[in-house]
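The values are calculated or read from the model by the stated rules, or taken from the named source; none is laboratory data. All values derive from a computational prediction rather than experimental measurement. Cβ sites come from the backbone with ideal geometry, for glycine too, and all protein chains shown count toward neighbours. Side chains included, ligands, DNA and RNA excluded: accessible areas come from the protein's heavy atoms. Shrake-Rupley method; radii C 1.70, N 1.55, O 1.52, S 1.80 Å.
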Amino acid sequence: MMSLAWPLFRITEQAALAAWPQTGCGDKNKIDGLAVTAMRQALNEIAIRGRIVIGEGEIDCAPMLWIGEEVGNGSGTEVDIAVDPIEGTRMVAMGQSNALAVMAFAPRGSLLHAPDMYMKKLVVNGQAKGVINLALPLTENLRNVAEALGKPLDRLRMVTLDKPRLQPAIAEATQLGVKVFALPDGDVAASVLACLQDNPYDLMYTIGGAPEGVISACAVKALGGDMQAELIDFCQAKGDSAENRPIAAQERQRCAEMGVEVNRVYALDELVGGHDILFSATGVTGGDLVNGIQQVANGVRTQTLLIGGADRTCNIIDSLHSW
């Protein structure tokens, strides 16, 4: 897998570069389409037999990278791919921070193969490995993590997303005295930041997309952290209503077809098997994890975080692209 590190890093770079000129345009679908087109072209030029195991949906509807799509030039290593061409399309569209182009590679059969649906996620760094249990209430997990880290609850830092579906969790944490950092979007970056050595957060708890969850699991595994996740249907995430029930029924049927379960807690080793993992995230707009794309005198500058699970390396790569 390590021979694919450079091609993977170039793929997320190309996606970020394709989307970046449209920063602030207000059209998130246009931004996503540009990134997807660049990713697909770059993927199909490298020597892999790749399969998108979790991405943006099952239907063959260009320009999306859909679940089950075969990519690569048909030779070389068999690879499972988890992808979010732009994590934070709304942020790029509105000129906001923390948007990334992200992708992860793992050997065939290593990554959870699941639909694009909501996923509950809990991430901690290596110091709290083994103490989380997503089947327990959030309060109990917060107490267990604080104890593992040797911190009082009022010094514990939880990062989540600023979404209506997460307001009960935010209230539950703040009532305990836990410091909560609610980001507009971007739980992949939050998961990685929670696992770095100089981490600004002690844990990440959220309800977000399943593709971002599996991508995050790759980074968490490579960084020695811990994670649990649970697939939840549309009614559980958005509310039980007549309008949402058909979507939830379709999601549950698709899970059954793919051999995964709704409301089952998946441990990190079930989300991603083994340590032969590659994770790449290129900044589109400036953020806490990596810098965004910057215009310079002779072109543009990009910054990418490249993590290798096999050799336990974490690289920040600055690139100058002549325009």
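List, in order, the whole-Hz ³J(HN,Hα) value for each residue of the range 130-147 obtained from phi through the Karplus relation with A = 6.51, B = -1.76, C = 1.60 and θ = phi - 60°; use x for Gly and Pro.
Couplings: x, 9, 8, 8, 5, 6, 8, x, 4, 4, 5, 5, 4, 5, 5, 5, 4, 5 Hz.
How do ASP187, ASP276, ASP162 stack up against each other in accessible area, from largest to smallest, with a 1.4 angstrom probe? Don't skip to the answer; put the middle values down first.
On the way: ASP187 10, ASP276 55, ASP162 90 Å².
Per-residue accessible area, sorted high to low, gives ASP162, ASP276, ASP187.
Mind jotting down the distance between the C-alpha centroids of the range 166-242 and the range 267-309, whole Å?
Here the answer is 18 Å between Cα centres.
So, with +1 on the Cβ of K and R and -1 on the Cβ of D and E, and no other charges, what is the size of the charge dipole of the chain about its Cα centre, to the nearest 20 debye?
Values: 26 positive and 38 negative charges, 96 e Å.
With only Lys, Arg, Asp and Glu charged at Cβ, the dipole is about 460 debye.
How high is the relative contact order of the chain, in percent, counting Cα pairs under 8 Å that sit 6 or more residues apart?
Reported relative contact order: 20 percent.
Taking θ = phi - 60°, what integer Hz values does the Karplus form 6.51 cos²θ - 1.76 cosθ + 1.60 yield along the range 151-162, in sequence order, with x for Gly and Pro?
Karplus-based 3J(HN,Hα) across the range 151-162 equals 10, x, 4, 6, 10, 6, 10, 10, 10, 8, 10, 8 Hz.
Compute, for the range 118-271, the length of the dipole vector about the Cα centre, with Cβ point charges of +1 (Lys, Arg) and -1 (Asp, Glu) only. Units Debye, rounded to 20. All intermediate terms of the calculation are to be shown ahead of the outcome.
Values: 16 positive and 20 negative charges, 39 e Å.
Dipole about the Cα centre, nearest 20: 180 debye.
Using protein chains only and a probe of 1.4 angstrom, how many square angstrom of MET2 are accessible, to the nearest 10?
Ignoring ligands and nucleic acids, MET2 comes out at about 80 Å².
With θ taken as phi - 60° and the coefficients 6.51, -1.76 and 1.60, list the Karplus ³J(HN,Hα) couplings across the range 27-40 in order, rounded to whole Hz; mark glycine and proline as x.
Values per residue, Gly and Pro as x: 10, 6, 5, 4, 4, 4, x, 5, 5, 5, 4, 5, 5, 4 Hz.
Report, to the nearest whole %, how much of the accessible area of the range 118-271 belongs to carbon and sulfur atoms, 1.4 Å probe, protein only.
Working: 2950 of 6280 Å².
On the range 118-271, the fraction of accessible area on carbon and sulfur atoms equals 47 percent.
Grab the Cα-Cα distance for ASN44 and THR174, subtract it from 0.36 nm times how many residues apart they are, and report the gain in nm with one decimal. Intermediate results must be reported in sequence, preceding the final value.
Working: separation 130, 0.36 × 130 = 46.80 nm, distance 4.72 nm.
That works out to 42.1 nm of additional length.
Keeping every protein chain present and rolling a 1.4 Å probe, give me the accessible area per residue for the chain in Å².
Working: 12890 Å² over 323 residues.
In whole numbers, the chain has 40 Å² accessible per residue.
Using square roots of five times the C-alpha gyration tensor eigenvalues, list the equivalent-ellipsoid semi-axes of the range 94-140 in whole Å, biggest first. Mind showing how you got there, number by number?
Working: eigenvalues 121, 78, 40 Å².
Rounded to whole Å, the semi-axes are 25, 20, 14.
Nearest 5 percent is fine: what portion of the DSSP beta bridges confined to the chain is antiparallel? Present the calculation step by step, with values, prior to reporting the outcome.
Details: 51 of 64 bridges.
Once the DSSP bridges in the chain are tallied, antiparallel ones form about 80 percent.
Accessible area, 1.4 Å probe, largest first: how do LEU65, LEU176 sort?
Putting LEU65, LEU176 in descending order of accessible area: LEU176, LEU65.
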